[in-house]
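The next block holds one structure in the form of structure tokens; read it before the comments.
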Amino acid sequence: MGPSVLRKTPFSKIDPDGVHPSLFSPVASSIAARFTPSGRGRHRVTSPPGALTRRASAYVHFPWCLAKCPYCDFVSYVTPAIDHVGYADAVIRELDARAPGFGEGPVERRVESVFFGGGTPSLWEPAQLERVLDAVLARTRGPYVSGEAVEVTVECNPTSLDADRARALRDAGVNRLSIGVQSLRDERLRFLGRLHDAAGARKAVKGAIAAGMPRVSADLIFGLPGQSASDARDEAIELVGLGVAHLSCYQLTIESGTRFGELARRGRLPLAEDGEVADAFLAIDEALGALGFRHYEISNYARPGEEARHNLGYWRGDEYLGLGCGAYGFMRDVAPLGPLPAASPTPAPAAGIRWRNEVQPDRYVASCAPLGSATVEPLYAETLLRERIMLGLRVEDGIDLDAVALDLGVDPWTHDRERAAVWLEERGRLERSGSRIRVPQRAWLWTDDTAARLF
């Protein structure tokens with residue numbers, strides 16, 4: 001399952017003009033603000049009128065799995081015993097240390113979502129997950145759109161999800177599940193090192209829906225060796241038939257430091273050809289569009305109103321509070337404590353910080369000063385603008401570059417960026433409407449390279 005970063009690696013394709021694709025991976029985790037709960041599973045928040053507000057989110061990382069998948073480079077561990085209570089205590093301890101910082105200054109952070117990722121958070125005892133969720137709701141603050149519930153998502157694996165577990169999570173305040181189906185073909189699940197089979201995946205999805213979980217999403221991996229475009233399409237169609245209203249469809253990517261990465265380095269891992277992967281991407285897009293799903297982001301499809309608010313926050317460049325072992329967090333308008341690193345790219349003040357928590361669960365749980373074990377990176381306005389371009393171009397609507405640059409206090413259209421934009425427009429890879437730029441869907445296969453050219 002996913003990590004404390006913007007979950008899976010995006011689909012990418014070598015630029016047809018022969019230029020490298022971007023190697024960037026969106027980093028993310030979650031930021032919190034103070035919630036006011038209003039009913040189990042229907043958390044709402046309020047704030048003083050007239051406050052300067054920004055959207056934000058909260059992410060909690062649960063680092064344990066039943067098995068390590070061979071393609072996974074997330075912070076996850078296999079252990080014979082999980083200290084459910086001790087880990088919840090540690091996350092709440094970190095929350096207590098971080099939450100006051102979000103209540104200082106003139107900005108109210110409007111929390112739109114809480115996301116439990118991993119690892120496999122569906123392994124966490126629901127009572128302990130509920131303790132953490134309630135603590136986040138109680139200790140953070142921020143305004144929210146009137147009348148709308150805060151989105152609370154838990155990632156699940158089919159091996160640890162059935163109707164009873166889904167019902168327990170719903171009763172704990174969760175209103176959305178993201179199920180790591182990955183495939184509905186037994187031979188491909190074996191290739192991916194998954195513990196469940198296709199029947200187990202179907203049962204988990206059906207169980208979540210039968211339990212009354214308000215929103216259910218499923219993950220699907222395509223671009224597998226021997227997989228035809230029609231088979232990838234049929235798996236997506238079948239998942240829709242099971243009742244999911246949101247699908248995340250990711251290309252299989254090979255990361256260094258994984259078992260697949262080592263096999264690929266030795267030339268012993270079968271891989272799909274680029275053309276086959278592109279054909280599968282296009283076949284899924286066409287099929288889900290015909291079923292009424294909006295392809296709102298390169299890897300994500302949803303029925304109207306079912307878009308993942310949490311991930312939309314990442315793609316918009318919103319702030320996020322990362323809690324738990326290995327989690328990342330991001331906050332603007334905060335300078336790092338102490339002297340800046342010698343390699344700081346500019347003498348200008350940092351526009352924000354990104355931190356990463358201790359990655360070893362035992363050290364994270366044992367720490368009495370969780371903030372002291374985190375690494376902190378200063379972020380400068382131009383860096384944030386580049387990240388906003390990289391992330392914003394993943395979304396169907398694109399990005400209002402002038403508005404983002406004004407928010408960050410930087411020049412949106414440097415000479416090199418303007419020249420690159422003209423070049424991309426001439427080749428049909430970028431569209432401009434006023435200050436808004438977007439990648440047309442026909443050119444989504446090269447979005448990584450498009451974004452890199454605009455840096």
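For residues that are closer than 19 Å to residue 279 by Cβ and more than 22 Å from the chain's Cα centre (by Cα), tally how many sit in region 441-455.
Total satisfying the criteria: 2.
Quick check: anything in region 259-273 over 21 Å from the mean Cα position of the chain (by Cα), surrounded by fewer than 19 Cβ atoms within 10 Å (Cβ to Cβ) and of a type in the set (Asp, Glu)?
Yes, region 259-273 has at least one match.
Given the conditions (1) among the basic types (Lys, Arg); (2) more than 24 Å from the chain's Cα centre (by Cα); (3) over 21 Å from residue 276 (Cβ atoms), report the number of the one that residue 215 does not fulfil.
All conditions pass for residue 215, except number (2).
Considering (1) more than 24 Å from residue 442 (Cα to Cα); (2) part of a helix (DSSP H, G or I); (3) of a type in the set (Val, Ile, Thr), say which one residue 334 fails and leave the rest.
Exception for residue 334: condition (2).
Does region 241-274 hold any residues that are closer than 21 Å to residue 289 by Cα and free of Cβ contacts under 8 Å to residues at least 24 places away in the same chain, and which are they? I'd like the intermediate steps shown before the answer.
Keep residues of region 241-274 that are closer than 21 Å to residue 289 by Cα, which gives 241-251.
Hit for region 241-274 is 241, nothing else.
Considering only region 187-212, state which residues are outside any helix (DSSP H, G or I) and surrounded by fewer than 22 Cβ atoms within 10 Å (Cβ to Cβ). Before you say what the answer is, go through the steps one by one.
First pass over region 187-212, keeping only residues outside any helix (DSSP H, G or I): 192-197, 211-212.
Matches in region 187-212: 192, 193, 195, 197, 211, 212.
So if I check each of 286, 255, 262, which one is assigned to a helix (DSSP H, G or I) and under 24 Å from residue 194 (Cβ atoms)?
Details: 286 fails: under 24 Å from residue 194 (Cβ atoms); 255 fails: assigned to a helix (DSSP H, G or I).
One residue alone meets the criteria, 262.
So if I check each of 399, 389, which one is within 18 Å of residue 455 (Cβ to Cβ), among the β-branched types (Val, Ile, Thr), touching a strand residue (DSSP E or B) at 6+ places or on another chain (Cβ under 9 Å) and in contact (Cβ under 8 Å) with a residue 60 or more places away in the chain? I'd like the intermediate steps shown before the answer.
Details: 399 fails: in contact (Cβ under 8 Å) with a residue 60 or more places away in the chain.
389 is the lone residue from the list that is within 18 Å of residue 455 (Cβ to Cβ), among the β-branched types (Val, Ile, Thr), touching a strand residue (DSSP E or B) at 6+ places or on another chain (Cβ under 9 Å) and in contact (Cβ under 8 Å) with a residue 60 or more places away in the chain.
For residue 276, work out the one condition from (1) more than 17 Å from residue 250 (Cβ to Cβ); (2) surrounded by fewer than 20 Cβ atoms within 10 Å (Cβ to Cβ) it doesn't fulfil.
For residue 276, the exception is condition (1).
Hey, can you tell me all the residues within region 425-445 that are free of Cβ contacts under 8 Å to residues at least 40 places away in the same chain, of a type outside the set (S, T, N, Q) and under 13 Å from residue 401 (Cβ atoms)? Don't jump to the end; show me each part of the working.
The first filter runs over region 425-445 and keeps only residues free of Cβ contacts under 8 Å to residues at least 40 places away in the same chain, leaving 425-426, 428-436, 440, 442-443.
Pick out the ones that are also of a type outside the set (S, T, N, Q) and you get 425-426, 428-432, 434, 436, 440, 442-443.
Hits for region 425-445 are 430, 431, 432, 434, 436.
Pairs under 8 Å by beta carbon, first residue on the phi > 0 side of the Ramachandran plot in region 214-226, partner of a type in the set (D, E, K, R) and not in a loop (DSSP other than H, G, I, E, B), six or more apart or different chains?
Short answer, once both residue conditions are applied: 223/276.
Among residues belonging to region 171-186 that are charged (D, E, K, R) and in contact with a Lys or Arg (Cβ under 9 Å, 6 or more places away or on another chain), point out the one that is surrounded by the most Cβ atoms within 10 Å (Cβ to Cβ). Don't jump to the end; show me each part of the working.
At the first step, the residues of region 171-186 found to be charged (D, E, K, R) are 171, 176, 185-186.
Those left that are additionally in contact with a Lys or Arg (Cβ under 9 Å, 6 or more places away or on another chain): 171, 176.
Working: 171: 15, 176: 27.
Looking at the filtered set, the residue picked out is 176.
If I ask for residues that are surrounded by fewer than 22 Cβ atoms within 10 Å (Cβ to Cβ) and assigned to a helix (DSSP H, G or I), which ones from region 227-242 would you list? Spell out the reasoning first.
So in region 227-242, the residues surrounded by fewer than 22 Cβ atoms within 10 Å (Cβ to Cβ) come out as 228-231, 233-234, 237-238, 240-242.
Selection gives 229, 230, 231, 233, 234, 237, 238, 240, 241, 242.
How about region 162-200: which of its residues are closer than 22 Å to residue 136 by Cβ and hydroxyl-bearing (Ser, Thr, Tyr)?
Once the filter is applied, which keeps residues that are closer than 22 Å to residue 136 by Cβ and hydroxyl-bearing (Ser, Thr, Tyr), region 162-200 yields only 178.
Can you tell me how many residues in region 418-430 are among the charged types (D, E, K, R) and under 17 Å from residue 448 (Cβ atoms)? Before you say what the answer is, go through the steps one by one.
Going through region 418-430, the residues among the charged types (D, E, K, R) turn out to be 418-419, 425-427, 429.
Filter once more, keeping what is under 17 Å from residue 448 (Cβ atoms): 427, 429.
Count: 2.
For residues that are out of contact with any Ser or Thr (no Cβ under 7 Å at 6 or more places or on another chain) and either among the aliphatic types (A, V, I, L, M) or surrounded by 19 or more Cβ atoms within 10 Å (Cβ to Cβ) (or both), scanning just region 309-322, find the one that is nearest to residue 365 (Cα to Cα). Even if it seems obvious, please write down each step before you answer.
Our first condition is that a residue be out of contact with any Ser or Thr (no Cβ under 7 Å at 6 or more places or on another chain); within region 309-322, this holds for 311-312, 314-317, 319.
In the following step, the residues that additionally are either among the aliphatic types (A, V, I, L, M) or surrounded by 19 or more Cβ atoms within 10 Å (Cβ to Cβ) (or both) were identified as 311-312, 314-315, 317, 319.
On the way: 311: 27, 312: 30, 314: 27, 315: 31, 317: 30, 319: 25 Å.
Applying the filter and picking the extreme gives 319.
Please name all residue pairs, on different chains or six or more residues apart, with Cβ atoms under 6 Å, provided the first residue is in region 105-119 and is touching a residue at least 24 places away in the same chain (Cβ under 8 Å) and the second residue is of a type in the set (A, V, I, L, M, F, W, C) and surrounded by fewer than 24 Cβ atoms within 10 Å (Cβ to Cβ).
As it stands, the answer is 106/52; 107/52; 108/51; 119/64; 119/65, since those pairs meet every condition given.
Just so you know, all these numbers are worked out from the coordinates, no wet-lab data involved. It should be emphasised that the depicted structure is a prediction, and the values quoted were computed from it without experimental measurement. Using ideal geometry, Cβ is built from the backbone for each residue, glycine included, and neighbour counts are taken over all protein chains shown.
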